[in-house]
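Have a look at the structure below, then the notes.
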Amino acid sequence: MQIAFVQTSPVFGRVRENVDRALALMSSAKADLYVLPELFHTGYLFADRAEARSLAEDPTEGFTVRRLQKFAAGQGAYVVAGLCEKAGDRIFNSAVVIGPHGLVGVYRKSHLFLDEKDIFDPGDTGLRTFALPGCRIGVLICFDWVFPEACRVLALLGAEVICHPSNLVLPYAQRAMRTRALENRVFTVTANRVGAEERAGKRLSFTGGSQVTAVDGEVLVEAGHEGEEVGVAEIDPALARDKWFTSRNHLFADRRPELYGVLTQKENGSCWRA
Ligand code: ACM
């Protein structure tokens, strides 16, 4: 199976241009699964919630999803793409999973970063996996990476490939995703963006460095930190079904969940208040 990151440089608010550019990049490299950055169609730095609402799309009928569906149908491929999603009065920082026959599903970002908390509603889909032909994928969006529980849950739910649309501004996630891959024996695809945005009194630079990692944490293909780029890696998802870490250590069977109860408590006293 060929999986690809598509590293783009969207211009804020120019949805048609951003989608055209992403599709041109995708057309330049053959893959079975393409992963695009977070909010790849809109750009990132919304001035406020009203501006995000004006650019948000319905994943069942919006412009961006229709264009991606046409590509997926033409190529017989799957696409995971960040989407500024409108759902009634709510707006989510989401990712859509699209296949040759249409929308497969939606994941809404669980862990909002910085001022995203003023723009988006917190994701309410929970952590989900999606069955594609030949592999099961899970989706995390950008800052979700910092919560290792999220990736673990997806692995326990059977995800073999973690698709990770991102707009990373800190320098840590690419390294951390190699560890997420290793500790869960999953493939990961981080599709980050490049470029900078200066709007509403803020400036952010995005770090590129998109990558595909193998189940041992090795980087199979990675992008630079500046240009637009597609990177494709050949993977065997069956490797991610084998959770033996050594001949006597199984990543899931050797866990001690009775020691981890505090993880599922909303408030656990001095552990985090201290
Ligand atoms: C991020 O979650 N966009 C850093």
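The values are calculated or read from the model by the stated rules, or taken from the named source; none is laboratory data. Here the structure is a predicted model, which is why all the values come from computation and not from measurement. Please note: Cβ atoms are built from the backbone with ideal geometry, for glycine as well, and neighbour counts cover all protein chains shown.
General observations
- Of residues in region 241-274 being at pLDDT below 95 and of a type in the set (A, V, I, L, M, F, W, C), the one farthest from ARG185 (Cα to Cα): ALA274
Residue-wise test of (1) over 18 Å from LEU36 (Cα atoms); (2) more than 19 Å from the chain's Cα centre (by Cα).
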residue	(1), (2)
ALA150	yes, no
PRO165	no, no
THR188	no, no
PHE252	yes, yes
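- Lone unmet requirement of (1) more than 15 Å from GLU222 (Cα to Cα); (2) in contact (Cβ under 8 Å) with a residue 60 or more places away in the chain; (3) of a type outside the set (Gly, Ala, Ser) for HIS164: (1)
- Subset of region 185-208 that is in contact (Cβ under 8 Å) with a residue 40 or more places away in the chain, part of a loop (DSSP other than H, G, I, E, B) and on the phi > 0 side of the Ramachandran plot - its residue that is surrounded by the fewest Cβ atoms within 10 Å (Cβ to Cβ): ALA200
- Qualifying residue in region 67-84 (condition: touching a residue at least 60 places away in the same chain (Cβ under 8 Å), assigned to a strand (DSSP E or B) and within 15 Å of the ligand (Cβ to nearest atom)): yes
- Verdict on THR42 being over 19 Å from VAL230 (Cβ atoms), within 16 Å of the ligand (Cβ to nearest atom) and part of a loop (DSSP other than H, G, I, E, B): yes
- Pick from region 26-39, criterion more than 16 Å from the ligand (Cβ to nearest atom) and within 18 Å of the chain's Cα centre (by Cα), ranking: nearest to ASN192 (Cα to Cα): TYR34
- Filter result (of a type in the set (A, V, I, L, M, F, W, C), away from the ligand (no atom under 13 Å from the Cβ) and surrounded by fewer than 24 Cβ atoms within 10 Å (Cβ to Cβ)) within region 153-180: VAL153, ALA155, LEU156, LEU157
- Region 16-39: number of residues that are assigned to a loop (DSSP other than H, G, I, E, B), surrounded by 14 or more Cβ atoms within 10 Å (Cβ to Cβ) and not hydrophobic (A, V, I, L, M, F, W, C): 3
- For ARG21, the criteria (1) closer than 25 Å to HIS101 by Cβ; (2) more than 16 Å from the ligand (Cβ to nearest atom); (3) not aliphatic (A, V, I, L, M) hold in every case but one, which is (1).
- Those residues of region 110-123 which are part of a loop (DSSP other than H, G, I, E, B) and either among the hydrophobic types (A, V, I, L, M, F, W, C) or touching a residue at least 40 places away in the same chain (Cβ under 8 Å) (or both), in sequence order: SER110, LEU112, PHE113, LEU114, ASP115, PHE120
- Considered as a group, the residues in region 124-152 that are modelled with pLDDT of 95 or more, surrounded by fewer than 22 Cβ atoms within 10 Å (Cβ to Cβ) and assigned to a loop (DSSP other than H, G, I, E, B) include one that is nearest to the ligand (Cβ to nearest atom), and that residue is PHE147.
- The residues in region 107-123 that are within 10 Å of the ligand (Cβ to nearest atom) and basic (Lys, Arg) can be counted, and the count is 1.
- Look at (1) within 17 Å of GLU116 (Cα to Cα); (2) in contact (Cβ under 8 Å) with a residue 60 or more places away in the chain and you find that LYS30 fails only one, number (1).
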